[in-house]
Amino acid sequence: MSFPSPLAQPVRATASTPPQATPHRDLPVPAASGGRIVLWVVAALLGIVAVGLILYFLAFLGPVASIVSAALALIPFALVLTAIRVIDRWEPEPRGLVVFALLWGAVAAVAVALAVGLAVTLAAPWLPEAVSTVVQAPIVEEIAKGAGVLLVFVAARRAFDGPVDGVVYGALVGAGFAFTENILYFGDSLITGGAEGAAFTFFLRGILSPFAHVMFTAATGFALGLAARSGAKGGAALGRWVVGVMVAICLHALWNGSAVVADFFALYVTLQVPLFLAFVVGIILLRREEARLTRERLADYAAVGWFSPAEVDMLATRSGRSRAIAWARSLPGDRAAAMRRFIAEATSLAAARQRVVSGRDPRAAADERVYLERATRARSDVLAL
């Protein structure tokens, strides 16, 4: 007998674990959306643009300065990626989308910013540098970066579940942009000011403000994440994106303005540091909301016998996950990897169930079946005798 949804299975009062999954040579995977093809095509085009940027750096900065500045730029880039990984640990985004977001920020957004900057310089050479820094750069860069987040939202909507996902994609685009931009800044400082000039620029951008671009574009991602969570489409989603981009532009302009028209270090301490702390607090609150939704959706399965209440507590809390992995590591053969798969599949299952409940994804019920099978298979691997 078949049922329309895994949750339609009859309740078994004595069952605290789900039944064995139907035997498969390979575990099923959720059907890929057609939009992913668009992203792959765009990524291929970005690869060509990246070659052009590399040639530009070599011509503008020279081989030595390019290599040294790239090595310096890797330091804050690694720090930022580590922080994003911590944010994304609850429900990791697909690796392909992670790479695409980074590539968009590092290549497409930078290419757009350079092209517009060159066009403005040729068309209006009399324009004051302060206007370019405080007005032009924030508008052009945040629209260019935000376009990448919007593209992920449209082409890979099923991997864009809510505000945390939006923040992650926005942060990744911002991290990619900052990496490439830092190469330009560090290299230019090295050429014009020597090692001392490069060290000072590294201190300003790599130590004091490695998360600046990340925060700006994360605001755009957050707005799109709210659109995803509410099921907004078309003009409604685009309107949320516009609001997010405007917030990003304002934050960017405020940051650049503090370095041009005011005492940078005074504003850094009194405004930028509190802003960063508020950003961190916001991330913590979003993570808690993500955990709450995971618990709520997995509780739906516990109510019909697929999971036990103890398993829901384990899967929906960071401390429970840590204890579960530690316990699995103590089992014969070290089954921590299987436990991590169980946690990951259960989290994806909860996200798919949320899409079913919200009604925003007609294909979510099919994903729900797939993730339920993958989760039960992973748990069987953990508990195998």
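The values are calculated or read from the model by the stated rules, or taken from the named source; none is laboratory data. What you are looking at is a predicted structure, and each value in this text was computed from that prediction instead of being measured. We place every Cβ from the backbone using ideal geometry, glycine too, and count neighbours over all the protein chains shown.
Within the range 346-385, the set of residues being within 18 Å of D165 (Cα to Cα) and among the small types (G, A, S) comprises A346, S348, A350, A351, A352, S358, A364. Does A346 satisfy the condition of being out of contact with any helix residue (DSSP H, G or I) (no Cβ under 7 Å at 6 or more places or on another chain) and modelled with pLDDT of 90 or more? Spelling it out, it is not the case that A346 is out of contact with any helix residue (DSSP H, G or I) (no Cβ under 7 Å at 6 or more places or on another chain) and modelled with pLDDT of 90 or more.
Among the numbered criteria (1) assigned to a helix (DSSP H, G or I); (2) crowded, with 16+ Cβ neighbours inside 10 Å; (3) modelled with pLDDT under 90, which single criterion is violated by G305? Checking G305 against (1) assigned to a helix (DSSP H, G or I); (2) crowded, with 16+ Cβ neighbours inside 10 Å; (3) modelled with pLDDT under 90, the one that fails is (1).
For every residue, the table says whether it meets (1) outside the structural domain of L150 (by TED's automatic domain parsing); (2) among the hydrophobic types (A, V, I, L, M, F, W, C); (3) modelled with pLDDT of 90 or more; (4) surrounded by fewer than 22 Cβ atoms within 10 Å (Cβ to Cβ).
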site	(1), (2), (3), (4)
T220	no, no, yes, no
A223	no, yes, yes, no
A227	no, yes, yes, no
G239	no, no, yes, yes
V242	no, yes, yes, yes
V247	no, yes, yes, yes
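Here the range 253-272 is the region considered, the condition is being in contact (Cβ under 8 Å) with a residue 60 or more places away in the chain and small (G, A, S), and the residue that is nearest to L204 (Cα to Cα) is A259. The condition of being part of a helix (DSSP H, G or I), over 25 Å from the mean Cα position of the chain (by Cα), modelled with pLDDT of 90 or more and charged (D, E, K, R) holds for only one of R369, R323, R340, that being R323.
Of note, R292 does not satisfy the criterion of being assigned to a helix (DSSP H, G or I), closer than 15 Å to G170 by Cα and free of Cβ contacts under 8 Å to residues at least 40 places away in the same chain. Considering F279, F179, F211, the condition of being assigned by TED's automatic domain parsing to the domain that holds R318, buried (at least 16 other Cβ atoms within 10 Å of the Cβ) and under 19 Å from the mean Cα position of the chain (by Cα) is satisfied by F279 alone. Take the conditions under 24 Å from G235 (Cβ atoms), over 15 Å from the mean Cα position of the chain (by Cα) and among the hydrophobic types (A, V, I, L, M, F, W, C) and apply them to I139. Does it pass? Against the criterion (under 24 Å from G235 (Cβ atoms), over 15 Å from the mean Cα position of the chain (by Cα) and among the hydrophobic types (A, V, I, L, M, F, W, C)), I139 qualifies. Of the residues examined, D188 is not one that is among the charged types (D, E, K, R) and closer than 23 Å to V86 by Cβ.
Screening L39 against (1) within 29 Å of the chain's Cα centre (by Cα); (2) modelled with pLDDT under 90; (3) surrounded by fewer than 18 Cβ atoms within 10 Å (Cβ to Cβ); (4) assigned to a helix (DSSP H, G or I) leaves a single unmet condition, (3). Summed over the range 67-99, residues that are touching a helix residue (DSSP H, G or I) at 6+ places or on another chain (Cβ under 7 Å) and either aliphatic (A, V, I, L, M) or modelled with pLDDT of 95 or more (or both) total 14. A single member of A352, A344, A365 is buried (at least 16 other Cβ atoms within 10 Å of the Cβ) and touching a Phe, Trp or Tyr at 6+ places or on another chain (Cβ under 8 Å), and it is A352. Checked against the criterion of being surrounded by 24 or more Cβ atoms within 10 Å (Cβ to Cβ), part of a helix (DSSP H, G or I), out of contact with any Lys or Arg (no Cβ under 6 Å at 6 or more places or on another chain) and of a type outside the set (S, T, N, Q), the candidates V167, V154, V173 yield just one match: V167. Checked against (1) within 27 Å of the chain's Cα centre (by Cα); (2) more than 14 Å from E91 (Cα to Cα); (3) touching a residue at least 40 places away in the same chain (Cβ under 8 Å); (4) in a helix (DSSP H, G or I), A346 passes all but condition (2). Within the range 86-135, if we keep just the residues that are acidic (D, E) and outside any loop (DSSP other than H, G, I, E, B), the residue that is surrounded by the fewest Cβ atoms within 10 Å (Cβ to Cβ) turns out to be E129.
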